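Here is the structure we will look at.
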Amino acid sequence: MDGSATLACTEPFIRYELGPTGTIYRCCSGWLPYECGNLLTDSIEEILNNKNFLMIADSMRSGGLKLCSTACNIKAASLNYDRETLLIKEPFQLCDKSLVDEKSKSLRKKFFLNYDFSCNLACPSCRDKSIMVKLGQEETLYQVVKTHAKAKELIQYFLDIGDDVEISITGTGDPFASPTFYNYLCELADTTYNNLSISLVTNANLMTPERLDRIKPLWNSIKHISISIDASTEKTYNIVRKQGNFSKLKENLDYMESLYNSGITTMQWWTYYTVQTANYKEIADFADWVWQYKNINKIGYTIAQRWYHNDKQYKDLIGGIDKVELKTLIEEIRSNYKDKNIESVVDFGNLLNYVKPDYDEKIFIFQSEA
Ligand SMILES: C[S@@+](CC[C@H](N)C(=O)[O-])C[C@H]1O[C@@H](n2cnc3c(N)ncnc32)[C@H](O)[C@@H]1O
Ligand code: SF4
C-alpha cells in the first residue's frame, strides 16, 4: 500500500495565512487554495468554524493529503517518503491520520502576515516592478492598515487565552522594509509575552545592526530568520535580487554571526534558495559559501513557481534549467554534506520531483487531486 495514503499534515489545523483584503487560508494559498474566512468581515468565532476549514480538517483525517498540491514540499516529501528505506526523512508536519488532531493540539498556532507587499527589492521571480505601499496609494494603504488591525486582534485573542503563538513576517514583502511590519515588530519588542515566538523571512538588506538592535527584546523570541539570497556571486545576486546590495547583505550577515559568536544571542538563520535559470548552476557553491557561517542551520531549495508571470516570463524564469546538470549538482551537495546528516540540514523539497525527466511542469502552477 502507498504509505502516503495514511499520512496527514498538521499545518491546516494550526496555520493562518493572512492575505491582502483580509483573506484567510489555512496553508499556503497556492497549495491548499480554499479561502477559510475573511478578517474584515468575520468574527473570530466564524473564522474558527469556517466551513471550508472544517472540510479540509475532515479530508486530512481521512489521510493522503488529497486536497493539497504536489508542488507543496510537504506533500512532495510524503510521496517520496518510503518507510522501508527511510531515504527521505518524514517532515515533522506529517503524522499518521489517526493522530492529527492530538498532534495539532500540542503545536503552536502560526500566523503568516502576508498582506503587505512593500519591499526594498524587485526580484523578477516575485514581481515585475518595485512595490512600496505609502501615502498617495490610499486604497491599498487602507486595505493594509485595516487588515493589519484585524490580524493583530486575531493574534491577540490567542495570546490572551495563553496559546503558544508564532508570528511569521512575511511571505509577501519584507519585514525590515515595510513600515507596517517593522513598526509591529517594534511594538512587540516593547511588550513581554512568554507565549510568543517570531519568525522572519527577509532579504536582509535592511536588517542592519541599527534595525536589529532596536528589536533586541525580541531576540530571545525569534525562533528563526529565513534569509533569501538565491546566489553565490554578486553578478547573479544582482540579477535575481534586483535592487539588492550584495556587500551590504554580507555586512548584515557578519553582524548577526558576531552576535552569535560572542554569545549575546542564540539567534540562527536558514535560507531558502529559489532555483531558476539564472542561479541553478550556483546551488552547490552557495552551500559551500553559507555553511561557513557558524549560525546557519538549514538550506532549503525550491523551484521558482509561477506567481505573476505570463507564459513567456515563466519560461524565461525557469525554462533554461538543464535538469540533468541540476541533478548532478544535487548529488554533489549530497556527497559533500553526507557527514552533516544531510536530510536534516539540506531540504531539496520539490527539486527532487522537478529533476525527474518526465515531470510535468504544469504542477508548479497548481494541481490538486480533488
Ligand atoms: C516573497 S519573499 C518575502 C520575504 C522576503 N522579502 C524574502 O525575499 O525573503 C518569500 C520567499 O519567496 C521566495 N520566492 C520569490 N519568488 C518566488 C517564486 N517565484 N517561487 C517560489 N518562491 C519564490 C523568496 O526567495 C523568499 O524566500
Ligand atoms: S526580496 Fe522578497 S518580497 Fe522582495 S521582491 Fe524579492 S522575493 Fe519579493
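Coordinate-derived values only; no laboratory data. Please read these numbers as outputs of a predicted model, since none were measured by experiment. Note that we place each Cβ from the backbone using ideal geometry, even for glycine, and neighbour counts take in every protein chain shown.
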Nothing charged except the Cβ atoms of Lys and Arg (+1) and of Asp and Glu (-1): what's the magnitude of the dipole of the chain about its Cα centre? Round to the nearest 20 debye. 240 debye
Can you compute the charge dipole magnitude of segment 104-218 about its Cα centre, using +1 on each Lys and Arg Cβ and -1 on each Asp and Glu Cβ, nothing else charged? Give it in debye, rounded to the nearest 20. 200 debye
Taking K and R as +1 and D and E as -1, what net charge do the other residues with C-beta under 12 Å from the C-beta of Ile44 add up to? -4
Can you list the aspartates and glutamates whose alpha carbon is less than 16 Å from that of Lys340, not counting same-chain residues fewer than 8 positions off? Asp288, Glu331, Glu332
With the charge dipole of the chain built from beta-carbon charges (+1 for Lys and Arg, -1 for Asp and Glu) about the Cα centre, the Cα from Gly319, Ile333, Phe111 projecting farthest to the positive end belongs to Gly319
Would you be so kind as to identify which of Asn50, Trp289, Gly349 lies farthest towards the positive end of the dipole of the chain, taking Lys and Arg as +1 and Asp and Glu as -1 on Cβ and the Cα centre as origin? Trp289
Structure shown: which of Lys66/Lys146; Lys235/Lys315; Lys129/Lys223; Lys248/Lys315; Lys250/Lys298; Lys51/Lys105 lie over 26 Å apart, alpha-carbon to alpha-carbon? Lys66/Lys146; Lys129/Lys223; Lys248/Lys315
Taking the C-alpha atoms of the chain, how large are the radius of gyration and the largest Cα-Cα span, Dmax, in Å? 20.2, 59
What is the magnitude of the charge dipole of segment 206-310 about its Cα centre, with +1 placed on the Cβ of each Lys and Arg, -1 on the Cβ of each Asp and Glu, and no other charges, expressed in debye to the nearest 20? 320 debye
Counting only DSSP beta bridges fully inside the chain, the antiparallel percentage to nearest 5 is 15 percent
Calculated from DSSP helices alone, with each H run of at least 4 adding -39500 (n - 2.57) and the total divided by the residues of the chain, [θ]222 nm to the nearest 500 comes to -10500 deg cm²/dmol
Determine, for each peptide in 163-171, 148-156, the mean count of other beta carbons within 10 angstrom over its residues, then list the peptides with the highest first. 163-171, 148-156
Counting only Cα, what are the radius of gyration and maximum Cα-Cα distance Dmax of segment 8-148, in Å? 17.5, 59
